[in-house]
Structure formats: C-alpha cells, structure tokens
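Trainee: The structure is given below, and queries will be raised subsequently.
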Amino acid sequence: MAKLLSENFYKEMGKLEPRYPSKVALLLPALHEAQKETGWLPPEIMEEIGTYIGIHPAQVREVASFYTMYNLKPVGKYHLKICTNVACCLRGSEELVDHCKKKFGIELGETTPDKKFTLMEEECLGACGTAPAMMLNDDYHENLTVQGLDKILDGLK
Amino acid sequence: METYKGETLFIQHFKNEEARSLDYYKKKMIGYESAKKALAMSQDDIINEVKKSNLRGRGGAGFPTGTKWGFIPKQSAKPKYLVCNADESEPGTFKDRDIMRYTPHTLIEGMIIGGFAIGSNVGYIYIRGEYTREFTLLNEAIDEAYKAGYLGKNILGTQFSFDLTVHRGAGAYICGEETGLLNSLEGKRGEPRVKPPFPAQSGAFAGPTIVNNVETLASIPFIIQKGGEWFSKLSKIEKSGGTRLLGVSGHVKKPGLYELPAGGVTLRQLIYDYCGGILNDRKLKAVIPGGSSAPVLTADEIDVIYDIEPLQKIGTMMGSAAVMVVSEDYCMVKLIQRITKFYAHESCGQCTPCREGCKWMEDILHRIEHGHGREQDLALLLSIADNINGKTLCALGDAAAGPVSSFVKKFRGDFEAHIRGKKCPNA
Amino acid sequence: MPKCIIDGREVEFKPGQNLVEVAASVGIEIPVFCYHPGLTVVAQCRMCAIEIEKMPKLQTACSTPAAEGMVVKTKSDRVKQNQKSVMEFLLINHPLDCPICDKSGECDLQDNSYKYGDSYMRTTEERRTYMDLDMGPVIQKSMNRCIHCTRCIRFGQEIAGIHEMVAVQRGNNTEITTIDGRPLETDYAGNYSDICPTGSLTLKDFRFKKRVWYLKKTPTVCEGCSRGCNMEIQQDANTVYRCVPRTNMEINKYWLCDEGRFNYQYIHDAARVLNPAVSGGTAGLQMTEWSQAVVAARSSLDGKKPMVLVGSDLTQEEVQALQQFLNKHLSGTPIFHFGTPGVTSTQKDGAADPILKRKSKTANLNGLEKLGIKGFESVPSGVNAAIIFRGGRAVVPELKGVGTKVGVGVFNKPDAEDFHAILPGTSFAEKDGTIFNFEGREQKFKRAILPQGQSKNLPEILMLWANSGAVGGAA
C-alpha cells in the first residue's frame, strides 16, 4: 500500500525512536505528527501508524480515541476550542460560545459548511489567570471579550 | 494593595521574554551551578538536603519530595526513570506553564539533579498537549542545555549522563494522575494503574520511577544552591518549605499568579489584599481553594492560613494551589454542574463508581439547574458522592465527589430554591 | 503455611494468593466482575472491595495478596454497602433485558444483583445506549449490556495474543469493540462470550436457541485435536446446544478454541448419515435396515482384498474391540490409522499455534499408536477394498485403486456417495470412552446424548457384523 504519511513524518519518528525503550511509546508523538500533516486522523492514517509501530490498528484507535486532541473527524481550517471550565465560565466564556454559535450558525462540535470553522468547547486550558481563554488551532488567546474575539476571527482569511 | 517584598524564586522572572535563555539563566539565576555542585555530592546527601528543605510536592498531594526520592531502590536491574508531571490539568492551575515558558532551565537543572540523586539516566517531561508553545520553548531550552553539555553524556565532565525528552499529552485530565501519565508516556490510554506496585518500584516501562511536578523539580536547584535549611525557612509554617506559586482566578480584581511563602497568608489576605478583592466590589460567595477538586469554602471560612494542613483541618485541600473565587451573583448549582461535567468528561471509565457515578451526578445536577429537580435529589446526590468517595481506583472519584458533597451541604438553600422554584433563580 | 483471618476464620494461604482466591478456598464468596483467575488483575469493577483491619479505605480483594495475620471482613456493613452501590452503578445504564438475553440464568450481573444488590432503583435518568457494529461470525455484541469489566480486552491481549478487542472513547462513553465493524480475527473468539459476565458478548451459534436452565451438562473432552481440552457438552432432549470449556489447569486452563467449541455441530448436521445405507448404483446411497446393510457391507468384500482404516478419532475402547473383532473375523487384514493429512504419527504432530491447538486434528492419535497401529501412507499393493472406521473428525485419505469402500461410523452423505455401505456409528457425544492426548494423558469422557437416528455404538455394530455370518459372507 502506498504510504500516506510523508517522509518527514518517518524522519521525525526516526529521531524520536532512540529516546524511548519501547516503540509503542511513539504512538502519541506519531499521532500528533500525523495530525499536523493531515489535520485529522482518518482510519487509513491510523492503520499506517499501527503498521509503522508494529501494533494492531485497533490499538491505535483505542489510544487515539482516549485523547480529545486527536481529531477522529475532519475539522475546519480554523479550529476554535473555547474553554468553558470553571475559571473561564466565571469570566464569561459562555457568552463567547453563544456568540460563536450565532456568528457561524453552528452548534458545538460542528463545522461550518465552508469547512472554515469548527467550534468546540474545551476543558480547562490552564490559563485561568487570564480567563476566558481559547485555543485557535495551536495558539492560545487569553483575556478574551466578545469584541476581542471578533477582531481575531475577522482577521482570519 | 499588597505585594510581597520578601524573597521569591520564580515570579520576578515571569513575563520577561528574555528570561528563558540559557544566557539569562547563567547571568541572573542559577546557571547550572547547582547541578555542578550536586554532581560532586553523594546521592544520599542530595536526598537529605531535599528532605531538610521540607519541599512538598507541588502537584496536589503535597507529599515530601525527599521522602519520595528515598523510596527509589538503590539497585535496580531495570533502568530508573525521572518523570516530570507537566500535565497541569487541575482546573484553576496555571503556574507550571509560566515556569516552563519563562524559567525552563530551572526545571531542566532540577531534573538533572533529581536524575542523579535517584540514579536515573533518562528523564521525560510529560507536558499537556494543549501547551504547544511551552512544548516548543522547553525543547529549545533542552537543545541549549545539550549544546552546553548540561545534558547528554558525561555531564560537566562527570561519569553522569542524563537524557531528557519532552513528551506531549493529547487532552486528558487523568494523565495528571501519575500512573495514568506513565501509561500515556508508554503509548497507551492514560488509565491509572492499580497500586501497588507504586511507581518507585515499577513505573515507566516497568522501571523504578519518580514522578514530580514541574514546580517541585524547578525548586531543586535553589535548594542545592542555598541549602535545604534556607529553603525550609522561606516558609511561614512548619512542615512546608519554600515559597508557593498561587494561582488565583475567577471573580477577583487581579487574577493571576502570586508567589508567597508557604503558609504566609490567609485566604482572605490573598483575595482581598493581594488580588484587590472581588470584581465589581460584589460580595464573596464561595472559594474553591485548591483546584476544582477541592471541597468548596463559604465566605465565612476564608480566615484560614493558606497551606496544606490548615486547609485539611477545615475539610478541604490546597491541592495545586489554585484558588477560584466566586462572587454572590454566580449560581452555585450551575457551577457545581459545570465542575461535575468536567469530571464526568475526564473520567477514564475504568472503574465502576467513577464511570457511572460522575455522569449520574452530572445528570441530576443538570436537571436541578434547569428546573427539573426533585426534593429527594439532594439526598441522592450526597449518597452517590458517598458511594464514589474513597472507593475508586484513583483519586478522580474523590475529586468529583468532594465538591458535590460540599456544594450541596454548604449551599443547600441555593439547590432548594432551584427545586422549589422550578428554575434557576439567577436565570 | 501462613494464615490470615477472614470473617473470623483462620485461613491458610499460599504466599502471593489474592484474597478472592483465599476466601474461596474455604467457601467464602467475594463477588467479582472484572477479576478472572486466568487474566491480569485490574481492580476496576470495585465489586470485591472488602475491609482489612488497620486500613482506612476498603481494599479490592482481587488485587490484595493475603498476608500473615491479616484480618479481613467480607460481610461488614461497609462492604455490603459498597456492593449495593457498585450493583446500583452497574445497573443504572444496563437495559435489564434479561427476558430476551441469552446470558440470563448464568449471568454474573444477574446473580450478583440478586445476592448483593438492592431491590429498588433510584435512577430516573435516561440510559446510555450504543449502536453495535458487527464483530464477525462468532460473537454477537450487545454493548448496552456491557459493564466495562474489560475481561474480553485482556483475554484478547493476554491469551489470544491479539489486540483486536479494545475500549474506545473514555469515561461514561467507553465502548468495548473491534474497530469499524471488523470481524474478530482470533480462533478463540468463543471465549470472549464465556468470560463476559453479562450478555454483552454472546455466541451467535447459541443465540435464542435455548434458555440455559434447561441445559443438562456432561463433562467431556474435546475431540478437535490431540490436546484434549476439557469441556462440557450442554444438551436438552438429546440435542447438543453448545460446548463450553471446563477448567483444567494442566491442559487448557479456562479456554477452548473455536474449532473445538463448534466441532459438535456435525452431530446434528442434516447431511450426517443416520440410517444404515447401501449403494443403490446410480441412485446413490439408499436407506435400509441394519440387517440388510450389514449383509451388503460384508458381501461387498467378497473376493476382495480389503484393508482396515481406523480413524484416530476413535476411543481406546472402540479400537480395542475392533482389534479383537479383526483377529477373530478378518485376521490378516492390514490395519492403519488415519486422521489428519500429513500427520500420520505422533512424531509429526506438534503445536499448531502458541495457545492450545495441535496439528493432529484428531484426539486419539497417541492412543492408536499405543495399540500398535501404524499410520496410513499409501494403499498396499493388491488391496482393492477398504473398511473405514471413523468418528466425527478423521479425514478419509485418498484411496487409489480401492474400488470398494465400506464405512462404519460417522459419515456425511456427500463424502460417502461412492461407498458400498454405511453402518452409522456414534460421535463423541453419544458414547463413553477413553483417549490419550499428545502428552500421553489418559482422559475419559461420558456420553451426553443418546445415539442419533439409527446410529449405533461400534461394539454393537461389530456384534451385528459377527452375528450376520449365518446369512452370508466369508467370516
């Protein structure tokens, strides 16, 4: 079967391999690296990772599905994860969520039809002192207000 | 408004974008001098110095670090591991993030010393997946340390070698539990393990393992530099040494991190003197004093010295030193529902009481918050919490049960108003 | 031996033994769900939590090794309260569909609920439900009934050696499954159903066939290969409904392969020849009376030079009776055993997988060798007829130049169309007997059901043959 993951993926994994006493320990890094390339983790990619590590594809799936950061469904170009845990809730994160729902016309967990935005609720991001906070793809945005959020979103291409 | 004028370890370097470089670390901080010193000491002497310091685990359990290190067997057929718990996932907690992004070398140096003290040549920093920037910054600092000869083979010309790898989590609170973390490190689901065996006997990759929090390990270079006794005297309370990074969030005027001597303030002083009091000068309703798993305190209970034992005495805990402040206008039922939803979401699902009980409590609380509560629900909630508390495989069950019991007991009137009024009075 | 105290009784134990086992050794039951003696200990279900003196929290008995002087209480109020609580937690999302569940009557969840649970329910919330994907031909999955004990997952990884059954998602949404509806790959899938403490994983083969309380159980030995796994035949009204493993720590531990488990199916196969039959020329096999079939069998050998082929799926008693019969009535006839193509002697037998299966697909190869019978390699020169004695397993080899075949035992119509006569015999479920497994272990098994149709046990058939001399034939 033709490989779906890039040479760079295998190069990165090759660099990490000597750092662990077992190859299975590469699973989380491999899933991260693969998701960086493909945006999400379709079954074929997870199958390829399983083959690379030498484990059953079901083992890849059980691990991947345990962690919320691995996207087992496609996500939009911009993946908004708004923290609604205690500290952010106390500082008005629900308003942000409602605002986004209205703005994009989608519910939590959904992606806009143009595949541009995916809206999710996130558990505590560890930015409670600068709440409310959200992740936009890999980046944190803190001390958010509805106006501030709009400014960020409107600046996205 | 108060600011602490005494000696602090970390906070003066935070928010300084220059601070994370090795150059800065050598000029303004410890600069791996403690590692040099430690590598010339015996392992026992280092452990004794840490014991003397009264350093207690900063992750939440507050276990004395020196004692923990002492559990590791001197001889082991399998390699030993030192693992840093940088999962920082207890809601309300955000201190380790700043250590990693502003003073990463304190952590790296602490791990070198710790590795040497327990006889381990391999260290991992398990960082929560969301901290992508901190992951990058840590890796940059580690690269610097390798290049300068502080990591790798024959550190500082000694026989000691130590390799350090940052391992990213991927979104699971339970990986902050040390055996869940170890499973995750090994490429498995982050499900906590049955104990015994404890990690010190069989941990990462079945080798003897010590798991320490970021702040704990980052404190080590200071202890070696100035001595355990100096460190223990930084605190204002017996049994706890050093300063503590306190994270205050929620309805205060100045949320953020504060570094204060252990046991140096009461909760009231922290909230009103340091954080400027309640947002919009409202009245205080409640304080969650140690991350969201800590049983809640009412406004009348905050004249307590903010440290491990005093909080334990009044039935709550200091946990990861994360203080969440709630003002009078916020609905307590909504709050506990949100907290319980979190624990239900983060339950790994292995053990029965946690998997079934957390969701059950969440469902009931959701009903009450939305006006469908029944009189018998409160007794039921207390009973479910009781059936979870102390009966689960790891501490997540307790973390979910404690808050529910305390909210229902201490704010019973708020729940009853929801049930009788058939809606949230705040809505 | 060291001693501990359980519920006030002094109990001896072997060092390392856990409290569930130690208690069981003196008849004290500590209820369990996730614990299984053949799998690793995970202490997840929390049902076995007991009180140990000087320990503030309840401890899981499965994960606690007994210690000298340990004082254990298994029936204290706290223990009972925890058992009630665990039962309640396990049932809040269970569908309670016992009336249509195949596990009903032998279900740990049902039994423990009855013994340790409360008789009322406090939950009013909506129950969790799942959509089930297929798992292949062996196992029917009903995830709604699952209590997440993970026995199946551990069985896959630790015994079957394949990580195919997994837990996906987490927490309250955890689902035990194969991925994307993939069929189970292991040849040991039936065990998933045996060890499941609820009706979450049931056998498709057994589904909706019989309420388990009607089943009569007979200990037997699997005839599927030369290991001789211990199992139980479960039948009602002379119909076998299933076979399940019987624990024997020295042979098969707790397990059984699917081939052995489902081997019984041929007993009730519609194609099995259950009446004496003779060749009707182009019309194929024709049913007839026993007396006529025996005569036809004998007379078909007139003027022929026969050999005797005896299946290594026959019992020691059967083969000994046959040897006596041959000495008396067909002396000088060459005799060979047959069973598995390529495995003509115990030397050629060996492990077929790292778990239980052996290369010899018949159970008594060793026994037949002990009786001095050689394996069939090729038809000896001059031989032009064969009397084939077969149980249910042996594969009849290709017989070049043999024009006349008489079958005695279990045959299927399509395989026996060119036979001159069939004298229907019995399967392992229809007779008593002794077999020797590959290690030389002698094992006896008991008849579970009466011979099906007109079939008869071999000694009886031989008797008929011997006594038919007056009617015709050479003996």
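The values are calculated or read from the model by the stated rules, or taken from the named source; none is laboratory data. Quantities reported herein were computed from a predicted structural model and do not represent experimental measurements. Methodologically, a virtual Cβ is constructed for each residue, glycine included, from the backbone with ideal geometry; neighbour enumeration extends over all protein chains shown. All accessible areas refer to the heavy atoms of the entire protein, side chains included, with ligands and DNA or RNA removed. Shrake-Rupley method; radii C 1.70, N 1.55, O 1.52, S 1.80 Å.
Trainee: Would you confirm, using the coordinates I've provided, whether B:LYS254 is open to solvent by 30 Å² or more (accessible area, probe 1.4 Å), free of Cβ contacts under 8 Å to residues at least 24 places away in the same chain and not β-branched (Val, Ile, Thr)?
Mentor: It is false that B:LYS254 is open to solvent by 30 Å² or more (accessible area, probe 1.4 Å), free of Cβ contacts under 8 Å to residues at least 24 places away in the same chain and not β-branched (Val, Ile, Thr).
Trainee: Could you run through the range C:1-22 and say how many residues are part of a strand (DSSP E or B) and among the aliphatic types (A, V, I, L, M)? Step through it out loud before you land on a result.
Mentor: Pass one, the range C:1-22, residues part of a strand (DSSP E or B): C:3-6, C:9-12, C:18.
Of the ones still in play, those that are also among the aliphatic types (A, V, I, L, M) are C:5-6, C:11.
Selection size over the range C:1-22: 3.
Trainee: Same structure, new question: Kindly provide the set of residues from the range C:23-53 that are surrounded by 18 or more Cβ atoms within 10 Å (Cβ to Cβ), within 11 Å of another protein chain (Cβ to nearest Cβ) and touching a residue at least 40 places away in the same chain (Cβ under 8 Å), ordered by number.
Mentor: C:PHE33, C:CYS34, C:VAL42, C:GLN44, C:CYS45, C:ARG46, C:MET47 - these are the residues of the range C:23-53 that are surrounded by 18 or more Cβ atoms within 10 Å (Cβ to Cβ), within 11 Å of another protein chain (Cβ to nearest Cβ) and touching a residue at least 40 places away in the same chain (Cβ under 8 Å).
Trainee: Of the residues B:GLY92, B:GLY66, which is in contact (Cβ under 8 Å) with a residue 12 or more places away in the chain, within 14 Å of another protein chain (Cβ to nearest Cβ) and either within 30 Å of A:GLU142 (Cβ to Cβ) or of a type outside the set (Asp, Glu) (or both)? Reasoning before the result, please.
Mentor: Values: B:GLY66 fails: within 14 Å of another protein chain (Cβ to nearest Cβ).
Of the residues listed, the single one that is in contact (Cβ under 8 Å) with a residue 12 or more places away in the chain, within 14 Å of another protein chain (Cβ to nearest Cβ) and either within 30 Å of A:GLU142 (Cβ to Cβ) or of a type outside the set (Asp, Glu) (or both) is B:GLY92.
Trainee: Shifting gears a bit: Take the residues of the range A:110-133 that are open to solvent by less than 40 Å² (accessible area, probe 1.4 Å) and more than 11 Å from chain B (Cβ to nearest Cβ): which is farthest from the chain's Cα centre (by Cα)?
Mentor: Among residues in the range A:110-133 that are open to solvent by less than 40 Å² (accessible area, probe 1.4 Å) and more than 11 Å from chain B (Cβ to nearest Cβ), the one farthest from the chain's Cα centre (by Cα) is A:THR112.
Trainee: So which helices (runs of 4 or more DSSP H) stay within the range B:1-95 end to end and still have 3 or more residues that are among the small types (Gly, Ala, Ser)?
Mentor: By residue number, B:33-39.
Trainee: Looking at the structure I just gave you, is A:ILE106 in a loop (DSSP other than H, G, I, E, B) and more than 12 Å from every other protein chain (Cβ to nearest Cβ)?
Mentor: Considered against the rule, which asks whether it is in a loop (DSSP other than H, G, I, E, B) and more than 12 Å from every other protein chain (Cβ to nearest Cβ), A:ILE106 comes out as yes.
Trainee: I need every pair where a residue in the range B:368-395 that is free of Cβ contacts under 8 Å to residues at least 12 places away in the same chain has its Cβ under 7 Å from the Cβ of a residue that is open to solvent by 20 Å² or more (accessible area, probe 1.4 Å) and among the charged types (D, E, K, R), sequence separation at least 6 or different chains.
Mentor: Close Cβ pairs satisfying both conditions: B:GLY390/B:ASP398; B:GLY390/C:LYS57.
Trainee: Please indicate, with yes or no, whether at least one residue in the range B:402-414 is touching a helix residue (DSSP H, G or I) at 6+ places or on another chain (Cβ under 6 Å), closer than 28 Å to C:ALA167 by Cα and open to solvent by less than 10 Å² (accessible area, probe 1.4 Å).
Mentor: Among the residues of the range B:402-414, not one is touching a helix residue (DSSP H, G or I) at 6+ places or on another chain (Cβ under 6 Å), closer than 28 Å to C:ALA167 by Cα and open to solvent by less than 10 Å² (accessible area, probe 1.4 Å), which makes the answer no.
Trainee: Looking at this structure, is B:LEU279 out of contact with any Pro (no Cβ under 8 Å at 6 or more places or on another chain), of a type outside the set (Val, Ile, Thr), over 30 Å from B:GLY373 (Cα atoms) and within 10 Å of chain A (Cβ to nearest Cβ)?
Mentor: yes
Trainee: Any idea which residue in the range C:54-73 is surrounded by the most Cβ atoms within 10 Å (Cβ to Cβ), counting only those that are farther than 19 Å from C:SER85 by Cβ and without any contact (Cβ under 8 Å) to a residue 60 or more places away in the chain? Quick ask: steps written out before the conclusion?
Mentor: First, the residues of the range C:54-73 that are farther than 19 Å from C:SER85 by Cβ: C:54, C:64-72.
Add one more test, that the residue is without any contact (Cβ under 8 Å) to a residue 60 or more places away in the chain, and what stays is C:54, C:64-65.
Details: C:LYS54: 6, C:THR64: 23, C:PRO65: 16.
Checking each candidate, the answer is C:THR64.
Trainee: Report yes if some residue within the range C:165-184 is within 30 Å of C:THR239 (Cα to Cα) and assigned to a loop (DSSP other than H, G, I, E, B); otherwise report no.
Mentor: Yes, because at least one residue in the range C:165-184 is within 30 Å of C:THR239 (Cα to Cα) and assigned to a loop (DSSP other than H, G, I, E, B).
Trainee: Among the listed residues C:GLU417, C:GLU430, which satisfies the condition of being among the charged types (D, E, K, R) and modelled with pLDDT under 95?
Mentor: From the options C:GLU417, C:GLU430, the qualifying one is C:GLU417.
Trainee: Pick from the range B:145-191 the residues that are away from chain A (no Cβ under 12 Å) and within 18 Å of the chain's Cα centre (by Cα): which of them is most open to solvent (accessible area, probe 1.4 Å)?
Mentor: Ranking the candidates gives B:GLU178 first.
Trainee: Among the residues of the range C:416-472, write down those that are of a type in the set (Ser, Thr, Tyr) and either part of a helix (DSSP H, G or I) or open to solvent by 70 Å² or more (accessible area, probe 1.4 Å) (or both). Even if it seems obvious, please write down each step before you answer.
Mentor: Step one: filter the range C:416-472 for residues of a type in the set (Ser, Thr, Tyr), giving C:426-427, C:434, C:455, C:468.
C:SER468, the sole residue that qualifies.
Trainee: Please work out which residue is nearest to C:VAL273 (Cα to Cα), limiting yourself to the range C:293-317 and to residues that are part of a helix (DSSP H, G or I) and open to solvent by 10 Å² or more (accessible area, probe 1.4 Å).
Mentor: Checked the range C:293-317; the qualifying residue nearest to C:VAL273 (Cα to Cα) is C:ALA296.
Trainee: If I ask for residues that are of a type in the set (Gly, Ala, Ser), more than 11 Å from every other protein chain (Cβ to nearest Cβ) and either without any contact (Cβ under 8 Å) to a residue 12 or more places away in the chain or surrounded by 23 or more Cβ atoms within 10 Å (Cβ to Cβ) (or both), which ones from the range A:32-83 would you list?
Mentor: If the condition is that a residue be of a type in the set (Gly, Ala, Ser), more than 11 Å from every other protein chain (Cβ to nearest Cβ) and either without any contact (Cβ under 8 Å) to a residue 12 or more places away in the chain or surrounded by 23 or more Cβ atoms within 10 Å (Cβ to Cβ) (or both), then A:ALA34 is the only one that fits.
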